[in-house]
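Shown next, in structure tokens, is the structure this report addresses.
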Amino acid sequence: MYDTIIIGAGMSGLAAGIRLTHFDQRVCILERHYTIGGLNSFYRLRGRDYDVGLHAVTNFTPKGTKQGPLARVLKQLRFRWDDFALSPQIGSSIRFPDVELDFGNGLELLCQEIEAKFPAQVDNFQRLLEKLIEYNDLDQAAFESSAREVLCETITDPLLIEMILCPLMWYGNARENDMDYGQFCIMFRSIFMEGLSRPFAGVRLILKNLVRRFRELGGELKLRSGVRQIRSEDGRVVGVELDDGTLVEGRNVLSSAGQVETLRLCDDITDVDDRNTGQLSFVESVSVLDCEPKQLGHDRTIVFYNDSERFHWQVPKDELCDIRTGVICSPNNFAYDAGDGCLPDGVMRVTSIANHRKWSELAENDYELEKLRWYDQVMESAVRYVPDFRKHIVDTDMFTPKTIRRFTFHDNGAVYGAKEKVFDGTTHLKNLFLCGTDQGFVGIIGSIVSGISIANQHCLRN
């Protein structure tokens, strides 16, 4: 009998496991996949290491900072700042037709850019910052209000509104075209006020440290152990049944599988309403270069681009991908410590919105052909906003919504989960709880905070 069974060995599940084992709980993490990490994982192909999911870790704060989500994570999990070894971004950009806004870690550069490019909006932007400071994280009604409406009440230039929304939606928004105001506040703070960073070794460093700490504390991690059903009696979970028929008993179950996906596993529910299921998924191409991007004149860490004055944020209806907007990330362009050396290759990663249903309906041969075709189209779109690096490509890979579905088992390969979040993590069963994306926090630090929070609120108290 386990004190807590955790479904999913992603960031939130691993963080919850560490937190609980600190208090001598007997914890088992069950992972359907053959590796850890969920969306934020890694793999090796043709002798090279590739990250899946990670562009950058948000919520960066320098070593010694006592406040903020990163400081909370380190304290609650008893890690040192050096265990995550985060290097800050060099600098990123938001690029729309004829207008570019650069930003770094902290608000100083963004404020300067707005003063230069949108001088009539300086006072309005300051009023927006005041609203962000006043926002109450515990006010759910305010959380679910429209970010666009709040912005329109404050900013009078429609283009600036779209440019502010672009990176925030790209890095943490499950809704099409608009954004919960609470999620907007979370993402604004994490990207513009705190900032972006990356471990030199990529996401594998964070994952390996999480797993090592969990196991050192006596936690059990079982890979290739998918949950077929969550068993319950009299309104309480009694355990789970694995795909191979094995029964695992537990006093609490904490699931990072997603809200709808978790309810579908419950033996007391016969019909799950899936209207809340997330829809937004991506394709991502990884291009390995024979030189560093800086040698081609590209020194930006991340470029968020959009090819019209209105930001496009919805599932493409008629095509496999929408290449009008995207994200270009170079892992080379972080301010790594001099002792780290250089990454072995130059890398450019380009992400575009995609339609999971259309990708899933393709026959295998067509699927491979469409990956090649869309890789070329994504590259064609991206090089409008960065130096053309295509002649320097020596290797490529591309993942699609089908890949995301396989790594996360989330319906529709939805990267940011359900449209409506369950902030307290509770379900209809007294001892079944949700953590991760569908609880309301996104990104690596957000997912870790989610696991910690739900473990503290429910599994430790119970």
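Coordinate-derived values only; no laboratory data. This one's a predicted model, so the numbers in the text were calculated from it and none came from an experiment. Positions of Cβ are backbone-derived with ideal geometry, glycine not excepted, and every protein chain shown enters the neighbour counts.
Listed from fewest to most Cβ neighbours within 10 Å, the set PHE192, PHE200, PHE184 follows the order PHE200, PHE192, PHE184. Judged by the mean number of other Cβ atoms found within 10 Å, the most tightly packed of the peptides 432-441, 445-454, 150-159 leads the ranking 432-441, 445-454, 150-159. Overall size of segment 356-462 from C-alpha positions, given as principal axis extents largest first: 58, 34, 22 Å.
Please list, in order, the residues from segment 326-340 whose amide nitrogen is less than 17 Å from a point placed 7 Å along the Cα→Cβ vector of SER87. The answer is 329-340. For segment 279-408, the convex hull drawn through the C-alpha positions has a volume of 127 cubic angstrom per residue. The protection proxy used here, the mean number of other Cβ atoms lying within 10 Å of each residue, ranks peptides 111-117, 358-364, 201-207 as follows, highest first: 201-207, 111-117, 358-364. Across the chain, Cα-Cα distances exceeding 41 Å account for 14% of all pairs. Taken over the alpha carbons of segment 128-167 as equal point scatterers, the Debye sum produces base-10 log I(q)/I(0) values at 0.17, 0.26 Å⁻¹ of -0.48, -0.98.
Averaging Cα coordinates gives a centre for segment 185-203 and one for segment 59-105; these two points are 4 Å apart. Normalised by the number of residues in segment 279-408, the average gap of Cα pairs under 8 Å and 6 or more apart makes the relative contact order 40 percent. Using label points projected 7 Å from each Cα along Cα→Cβ, tell me how many nm separate ASP234 and GLN67, to one decimal. Once both label points are built, they end up 4.8 nm from each other.
Entry note, the chain: the mean residue ellipticity at 222 nm calculated from DSSP H runs of n ≥ 4, each adding -39500 (n - 2.57), is -9000 deg cm²/dmol after division by the residues and rounding to the nearest 500. When the inverse distances between all different Cα atoms of segment 131-252 are averaged and flipped, the Kirkwood radius reads 18.6 angstrom. Residues TYR305, TYR367, arranged from fewest to most other Cβ atoms within 10 angstrom of their Cβ, appear as TYR367, TYR305.
Using 0.36 nm per residue and subtracting the Cα-Cα separation, the extra length available between GLU216 and ASP376 on full extension is 53.0 nm.
With both labels modelled 7 Å from their Cα along Cα-to-Cβ, the GLU309 to TYR367 distance reads 4.3 nm. Among the trypsin sites (Lys or Arg not before Pro) in segment 16-110, those placed in a DSSP loop whose Cβ has at most 16 other Cβ atoms within 10 Å are ARG26, ARG46, LYS63, LYS66, ARG78, ARG80. Counting neighbouring beta carbons within 10 Å and listing from fewest to most, the residues LEU196, LEU132, LEU45, LEU320 come out as LEU45, LEU132, LEU320, LEU196. Pairwise Cα separations in segment 108-192 fall into 5 Å bins from 0 onward with the following percentages, short to long: 3, 15, 27, 28, 18, 7, 2, 0. Just grab the label-to-label distance for ASP271 and SER146, each label 7 Å out from Cα along the Cβ direction, in nm (one decimal). Going by the 7 Å Cα→Cβ label model, 3.3 nm. Reducing segment 422-446 and segment 284-345 to their Cα centroids gives an inter-centroid distance of 30 Å.
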